[in-house]
Amino acid sequence: MKGFISTPSNKTNFREIINSRNLIYELIRRDFIVRYKQTGLGIIWAIINPGINIILYIFVFGLLVKIPTPEYNAPYAYVLISGILFWGLFSNSMMVSSDALINNMHLITKVYFPRLSLCIASVFVALIDFFIAFIVFIPLSVICLTEFIFLRFFFLIPCILITFMLGCGVGCVMAVLKLKYRDIRHMLPLFNQILFFSSPVVYTLSIVPDNYKIYYLVNPLTGIIELSRWAILGAGGVNIQALVCGLISAVVIMLAGIYYFISNDGVIADYE
């Protein structure tokens, strides 16, 4: 652990986070190994989990409900994949980072280090899971689609960055709230479910009534998912207004989340 520990202060500063990059790397490595250690399928679970969700949603919403996707010249399964992958990145980032403090209290109470490192490491582990699923499902979609345009693929980069910032920001807030208020651990899954169905994950923005579209435009996930579908499927369109709102919201949420976390950094150990 040499080189990881910094001097205690009232608030974590940016320099401490930079100096703790080796610690963050070790935390990422530890969390990733622990997640799949002693499991028969190992990292394949990173593919199985979103895969099962995709199959279930295809059956329910594609075959039973028959949700229309008129703006995409592609089977519903491919429309769903792009939504599920980016939703999974956000949801997984938020959930694992919200547990970062509770799961590491044995370290927090023994030695000082920038506690924000725990949340950052957790989000990066979720990002690794995303890329594992991404390199399996996206090439499969590309092979089966006829209107794929390679240059559009680069537009997935801002989708990943914005989703990363959202997950990090919300996760930082939830990590502190889980320590302060134990009820949050029961409320968070409910919040996650509400956000899932209020985002165009299993459906597209085109079927949302005009009276409700304003609420979707302020949802930062709307622009991300719509852009990812445009980039992958080569059809549909990019809602610039939703994308700009998503970017601004992501930056604000991340900065606000980190600020809230840092402002409570000095008392985190007291909630053991």
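I'd like the residue in the stretch 107-133 that is among the hydroxyl-bearing types (Ser, Thr, Tyr) and not in a loop (DSSP other than H, G, I, E, B) and, out of all such residues, is farthest from Met94 (Cα to Cα).
Ser117
Look at the stretch 151-191 and say how many of its residues are in contact with a helix residue (DSSP H, G or I) (Cβ under 7 Å, 6 or more places away or on another chain), among the basic types (Lys, Arg) and more than 24 Å from Gly83 (Cα to Cα).
Here the count works out to 3.
What pairs come up if the first residue lies in the stretch 106-119 and is of a type in the set (Ser, Thr, Tyr), the second is not in a helix (DSSP H, G or I), and their beta carbons are under 8 Å apart, counting only those six or more places apart or on different chains?
What qualifies is Thr109/Glu272; Tyr112/Ile5; Tyr112/Ser6; Tyr112/Thr7; Tyr112/Pro8; Ser117/Ser20.
If a residue must be out of contact with any helix residue (DSSP H, G or I) (no Cβ under 7 Å at 6 or more places or on another chain), under 19 Å from Ser206 (Cα atoms) and in contact (Cβ under 8 Å) with a residue 60 or more places away in the chain, how many such residues does the stretch 39-74 contain?
Number satisfying all stated conditions: 2.
Does the stretch 75-105 hold any residues that are touching a Leu at 6+ places or on another chain (Cβ under 7 Å) and free of Cβ contacts under 8 Å to residues at least 24 places away in the same chain, and which are they?
Asn104
Name the residues in the stretch 56-93 that are among the β-branched types (Val, Ile, Thr) and under 26 Å from Leu166 (Cα atoms), would you? Lay out the reasoning, then the answer.
If we filter the stretch 56-93 for residues that are among the β-branched types (Val, Ile, Thr), which is where we start, we get 58, 60, 65, 67, 69, 79, 81, 84.
Across the stretch 56-93, the qualifying residues are Val79, Ile81, Ile84.
Please count how many residues of the stretch 229-250 are farther than 14 Å from Thr69 by Cβ and modelled with pLDDT of 80 or more.
12
Take residues that are buried (at least 21 other Cβ atoms within 10 Å of the Cβ) and in contact (Cβ under 8 Å) with a residue 60 or more places away in the chain and tell me which of the helices (runs of 4 or more DSSP H) falling wholly in the stretch 169-265 contain 2 or more.
It comes to 220-233, 240-263.
Taking the options Ala74, Ala121, name whichever one is among the hydrophobic types (A, V, I, L, M, F, W, C), at pLDDT 90 or above and buried (at least 17 other Cβ atoms within 10 Å of the Cβ).
On the way: Ala74 fails: at pLDDT 90 or above.
Being among the hydrophobic types (A, V, I, L, M, F, W, C), at pLDDT 90 or above and buried (at least 17 other Cβ atoms within 10 Å of the Cβ) holds for just one of Ala74, Ala121, which is Ala121.
The values are calculated or read from the model by the stated rules, or taken from the named source; none is laboratory data. The shown structure was predicted, so the numbers you read here are calculated from the model rather than taken from an experiment. All Cβ positions, glycine included, derive from the backbone under ideal geometry; neighbour counts span all protein chains shown.
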